[in-house]
1. Do we find that TRP47 is within 13 Å of the chain's Cα centre (by Cα), among the hydrophobic types (A, V, I, L, M, F, W, C), over 19 Å from VAL123 (Cα atoms) and modelled with pLDDT of 95 or more in this structure?
2. Applying the selection to segment 87-115, what residues are of a type in the set (Gly, Ala, Ser) and closer than 14 Å to LEU67 by Cβ?
3. Give the residue that is surrounded by the fewest Cβ atoms within 10 Å (Cβ to Cβ), with candidates limited to residues of segment 9-28 that are within 27 Å of GLN84 (Cα to Cα) and out of contact with any helix residue (DSSP H, G or I) (no Cβ under 9 Å at 6 or more places or on another chain).
4. Cβ-Cβ under 9 Å, sequence separation 6+ or interchain: first residue in segment 36-51 and free of Cβ contacts under 8 Å to residues at least 24 places away in the same chain, partner in a loop (DSSP other than H, G, I, E, B) and not hydrophobic (A, V, I, L, M, F, W, C). Which pairs?
5. May I ask you to say which residue of SER44, SER95, SER71, SER64 is polar (S, T, N, Q) and in contact with an Asp or Glu (Cβ under 9 Å, 6 or more places away or on another chain)?
6. How many residues, within segment 110-149, are over 18 Å from PHE51 (Cβ atoms), at pLDDT 95 or above and assigned to a loop (DSSP other than H, G, I, E, B)?
7. From the list PRO22, PRO62, which residue is farther than 19 Å from SER124 by Cβ and either more than 14 Å from the chain's Cα centre (by Cα) or part of a helix (DSSP H, G or I) (or both)?
8. Among the residues of segment 119-146, what is the count of those that are touching a His at 6+ places or on another chain (Cβ under 8 Å) and under 16 Å from SER71 (Cβ atoms)?
Amino acid sequence: MTQPEWYSLALAERGVKEAPGPANNPVVQAYYSDAGHPETIHDSVPWCAAFVGAMLARAGLPTSGSLTARSYLKWGRNLERPRQGCVVVLKRGNSSWQGHVAFFVREEGRALVCLGGNQSDRVSFATYPKARVLGYRWPVSASGSSSAA
């Protein structure tokens, strides 16, 4: 099975990072623009949802239209179990509105490995406890939308 186009695009972005200090990385700025928010110009603004949105948009798919991570809970269709490349929405702390969004890579015991933006201020792989998962989502218009992993 081939990997989804948006996931391949995300993999190619590994290593992109925020610029130090008051500078801004134009690659990160492009994520905001591609996700539909060209008014956001500083790479110090949380950009996990901009990264996910940019990869989906570059693959010709709709985005959530928002720069909030939890907006992806209402996007696409629900998956009961994760599959490579699906959008994973995670909670952050005890907040009812904050979160993180990234692409699922694989499971490792009671944790998930995700590929996302703004993970230690860069596009990288990071591990999160499964207990933080709020949902797994798949584009409605993409093939392979079954809930099987």
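The values are calculated or read from the model by the stated rules, or taken from the named source; none is laboratory data. Here the structure is a predicted model, which is why all the values come from computation and not from measurement. Positions of Cβ are generated from backbone atoms using ideal geometry, with glycine treated the same way; all protein chains shown enter the neighbour counts.
1. No.
2. GLY99
3. Checking each candidate, the answer is GLY15.
4. Close Cβ pairs (under 9 Å, with a partner that is in a loop (DSSP other than H, G, I, E, B) and not hydrophobic (A, V, I, L, M, F, W, C)) amount to ILE41/ASN24; HIS42/PRO22; HIS42/ASN24.
5. On inspection, the qualifying residue turns out to be SER44.
6. The qualifying residues number 1.
7. Just one listed residue meets the conditions, PRO22.
8. Summing the residues that are touching a His at 6+ places or on another chain (Cβ under 8 Å) and under 16 Å from SER71 (Cβ atoms) in segment 119-146 gives 0.
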